[in-house]
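Accompanying notes for the structure given below.
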Amino acid sequence: ELNRNSSSLNSAWKACYDGEIPEGLNPQVSLSEAVRDVGRSQAVLQRLSIVSHRFFSYHQCEFSQNVIKAEAAWSTLTLHETRTITDEICQDNPQVLLALPWLHNLSNSLSFKLIWDQVRDANTSSPSKDIDQDDNDETLSPSSSSSSSQLDMNLSPQNLLFAVVKAWHKLWTQLGEATVSFTELEIFAPALLSDGDLELLSSTACSSVKHIEDARISGETNKEEDGEGSNEPTLPKYMWPTGSVDGKWCYAQKLALRRYECMRKTFRETLQLQRGLKALRLLVRSEAQSQVDDCNTALLTLNAKLAEGWSNYTYADLDRLAVLAETVDSRITNLNPDILECLTLPGCSELFAWLQTISKDGDFQAAIEMAMGRSEMETPPELWVDGVSEDADSPSMDQHDASNKVTGRPDEEKLSMLSSIRSTFHRLLYKHSDERSPLVFDSLKEALNILSDSVVFNFDTQSDQSINQSNRLINALNI
């Protein structure tokens, strides 16, 4: 609007400069620059807000509080204030502003946030603790933590940043040198395998080396100049670069981490797997039971080796230990042992044998619909639900009303469960064209091929929906 009306534009600039436009000021150019500067400042403030909320929103962090205040006051700031607001927020922590693009790039990294939180918690003790300790110090270890709930208030945001960057770089180095422990991997592997995390580690950890080295040099210099003074590191005041992604390194790490996760899951779920194998042994023919026994032996061997030295093993031991885990078919870890045990019950065999006689979906659906319309005389007692009227026992109920009370009906829930069982185990029920039992498998491989094909078995134990689905099926099989 101001650009379309030059007199209004001039008046606006005069108001900004006490009635006189400074010599050399071009109103149109200056307006464009002002709009650009405001946009830049707002973009930086938005990034500061994301980074502050993600990393600095701990108790009484002045930096985080200043960001919140700036956001709240943005609409009332003058042009000059918008140009200086971000510098004022970061005046005590200029390195945070310099690292802003680097930190913003990592704001969605699960593994970086894990390290940030753990390093922050590890530095919640006495103010005298020097954060630039040796790399072997547990306070900078990604897996260390502190029992204190109060963050050391002398730990400034930029010092916390330095400690986190050291731990982040250390994780990258340990992965590359295969020195990271199984204990640490148990914490970080799921996060590192999340979408984009390894790529972010590859591109940011390597590029932070110069900052770490220059900060250490500055700490040593400060100590020499001050004699016995503090050797607190000072992060260098230049931009934090983000390097390129090492695709080959990321690919190799993903393969190794997936092998580790498979091995860890097999080890941690040994008891559940043994239950599943015990049930599978009853479902395969006698001549194939040795296959299940061999699998169980491999499982016990792996468990014995890992239980003996889990905390001492490192990434370098992965190859020889993962080979043992890989002798156990990974599909077994996805089978719900509760459901497998239900399949071994005699009543389940009878139910499956009856369902096997109704191979066509249309015939089964017609039978269900027909059953819904049956009378009590035509329905098996176990499928009948008696109707109950709320007023049936009322003393005031006359004979006519009593005769019209709600009648019974076929149990819709049980019929629905029957449909669920048939749809879930459809491939299992009709795997044979003849009348052979569907719950007898010729080999362990055949059992796993068919059983793991059912969605209900490949369930995530942390998913409420999958747990409910499994529980519903178990209840149906036990009716």
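Remarks
- The number of residues in the range 196-222 that are at positive phi and either open to solvent by less than 10 Å² (accessible area, probe 1.4 Å) or at pLDDT below 70 (or both) comes to 0.
- None of Ile474, Ile421 is modelled with pLDDT under 80 and under 22 Å from Val385 (Cα atoms) except Ile474.
- Whichever residue in the range 37-57 is surrounded by 15 or more Cβ atoms within 10 Å (Cβ to Cβ) and small (Gly, Ala, Ser) and, among such residues, is farthest from Trp102 (Cα to Cα): Ser41
- Filter result for Ser375 (modelled with pLDDT under 50, among the small types (Gly, Ala, Ser) and either closer than 30 Å to Phe352 by Cα or exposed (fewer than 11 other Cβ atoms within 10 Å of the Cβ) (or both)): no
- Filter result (under 15 Å from Arg331 (Cα atoms) and open to solvent by 80 Å² or more (accessible area, probe 1.4 Å)) within the range 243-267: Arg258
- The requirement of being under 30 Å from Ser111 (Cα atoms) and at pLDDT 85 or above is satisfied by Gln46.
- The helices (runs of 4 or more DSSP H) found wholly in the range 287-346 and carrying at least 3 residues that are open to solvent by 60 Å² or more (accessible area, probe 1.4 Å) occupy 289-309, 318-325.
- Checked against the criterion of being modelled with pLDDT under 85, within 16 Å of Val44 (Cβ to Cβ), surrounded by fewer than 21 Cβ atoms within 10 Å (Cβ to Cβ) and not hydrophobic (A, V, I, L, M, F, W, C), the candidates Gln133, Gln91, Gln60 yield just one match: Gln91.
- Test for Asp464: is it closer than 20 Å to Asp338 by Cβ, exposed (fewer than 14 other Cβ atoms within 10 Å of the Cβ), at pLDDT below 75 and among the acidic types (Asp, Glu): yes
- Pairs linking a residue in the range 99-125 that is within 18 Å of His169 (Cβ to Cβ) to a residue that is assigned to a loop (DSSP other than H, G, I, E, B) and modelled with pLDDT of 90 or more, with Cβ atoms under 6 Å and 6 or more positions apart or on different chains, are Leu110/Ser194; Phe112/Leu106.
- Yes/no for Thr407 being over 28 Å from Ala367 (Cα atoms), β-branched (Val, Ile, Thr) and either open to solvent by 90 Å² or more (accessible area, probe 1.4 Å) or modelled with pLDDT under 80 (or both): no
- Single condition Leu114 does not satisfy, out of (1) open to solvent by 30 Å² or more (accessible area, probe 1.4 Å); (2) at pLDDT 90 or above; (3) in contact with an Asp or Glu (Cβ under 7 Å, 6 or more places away or on another chain): (3)
- For the range 165-187, taking the residues that are in contact with a Pro (Cβ under 7 Å, 6 or more places away or on another chain) and open to solvent by less than 10 Å² (accessible area, probe 1.4 Å), the one that is modelled with the highest pLDDT is identified as Leu171.
- For first residues located in the range 71-84 and surrounded by fewer than 13 Cβ atoms within 10 Å (Cβ to Cβ), partners that are modelled with pLDDT of 85 or more and lie 6+ apart or on another chain with Cβ distances below 9 Å form the pairs Ala73/Ile85.
The values are calculated or read from the model by the stated rules, or taken from the named source; none is laboratory data. The structure presented is a predicted model; accordingly, all values stated were derived computationally and were not measured. Because the Cβ atoms are built from the backbone with ideal geometry, glycine has one as well, and the counts that use them run over all protein chains shown. The protein model used for the area step is the full one, side chains on, heavy atoms only, and it has no ligands, DNA or RNA in it. Shrake-Rupley method; radii C 1.70, N 1.55, O 1.52, S 1.80 Å.
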